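J.: Following this message is one structure expressed as structure tokens.
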């Protein structure tokens, strides 16, 4: 399987599809392209069913049973928002009750709660709001912007992707679920003047019981030129 060409425009629907179809290739570094690394050592190969792309290894995250406990993981490298960026997560919630999940790329100043402060873009699911669908979210540290994807959250695995184009005439974040474009946001976009951006997954239990999520694929690419 060949390298996804980093010189192509990764922000058209076609090239996003190309990237997602090559998701078994999760270890690479090329010029002006960077990928995050999972910090967990709890790897398993039995969580996700096989499919057209084959069965992928996954990392299994479990919160404590203490209400409002937030389990987190993030990329092993940080960088700027970049001129062009794509982040992808393949996740599977074990429960959809009394929990909050964020899959975002963000600056390190990311707080807790349903409307955290900080600079970020990605997806939220919180039964506390209450959300029933995946919410497409952006923030430039001055207020969260939320667009309903229309896609219900379930315990099935789901492929989430957000692309950020800061050099277009109208900068935007485009949100994809299972390769389908579900939202475009042009307001409250993360600031490009900050540097400590990387992918992050946050799962919070909102009751006195553990909550679990599996992440079988993630990638982070940002182009700085």
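The values are calculated or read from the model by the stated rules, or taken from the named source; none is laboratory data. Note that the structure is predicted; figures quoted are calculated from it, not measured. A quick note on method: Cβ atoms are made from the backbone with ideal geometry, for glycine too, and the neighbour counts reach across all protein chains shown.
J.: Within region 142-160, count every residue that is modelled with pLDDT of 95 or more, buried (at least 16 other Cβ atoms within 10 Å of the Cβ) and assigned to a loop (DSSP other than H, G, I, E, B).
T.: The qualifying residues number 1.
Residues checked against (1) assigned to a loop (DSSP other than H, G, I, E, B); (2) in contact with a strand residue (DSSP E or B) (Cβ under 6 Å, 6 or more places away or on another chain); (3) at pLDDT below 90:
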| residue | (1), (2), (3) |
| --- | --- |
| 66 | yes, no, yes |
| 71 | no, yes, yes |
| 76 | yes, no, yes |
| 81 | yes, yes, yes |
| 97 | yes, no, no |
| 108 | yes, no, yes |
| 115 | yes, yes, no |
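J.: Follow-up. Restricting to region 161-213, what's the tally of residues that are part of a loop (DSSP other than H, G, I, E, B) and either over 24 Å from residue 100 (Cβ atoms) or in contact (Cβ under 8 Å) with a residue 60 or more places away in the chain (or both)?
T.: The qualifying residues number 22.
J.: Turning to a different aspect of this structure: Looking only at region 119-141, which residues are assigned to a loop (DSSP other than H, G, I, E, B) and either closer than 16 Å to residue 73 by Cβ or at pLDDT below 95 (or both)? Step through it out loud before you land on a result.
T.: Taking region 119-141 and keeping what is assigned to a loop (DSSP other than H, G, I, E, B), we get 127-132, 141.
Selection gives 141 alone.
J.: Scan region 161-181 residue by residue and report those that are surrounded by fewer than 20 Cβ atoms within 10 Å (Cβ to Cβ) and under 18 Å from residue 90 (Cα atoms).
T.: Across region 161-181, the qualifying residues are 177, 178, 179, 180, 181.
J.: Being surrounded by 16 or more Cβ atoms within 10 Å (Cβ to Cβ), touching a strand residue (DSSP E or B) at 6+ places or on another chain (Cβ under 9 Å) and modelled with pLDDT of 85 or more narrows it down to one residue among 59, 91, 33; which is it?
T.: Selected residue: 91, the only one of 59, 91, 33 that is surrounded by 16 or more Cβ atoms within 10 Å (Cβ to Cβ), touching a strand residue (DSSP E or B) at 6+ places or on another chain (Cβ under 9 Å) and modelled with pLDDT of 85 or more.
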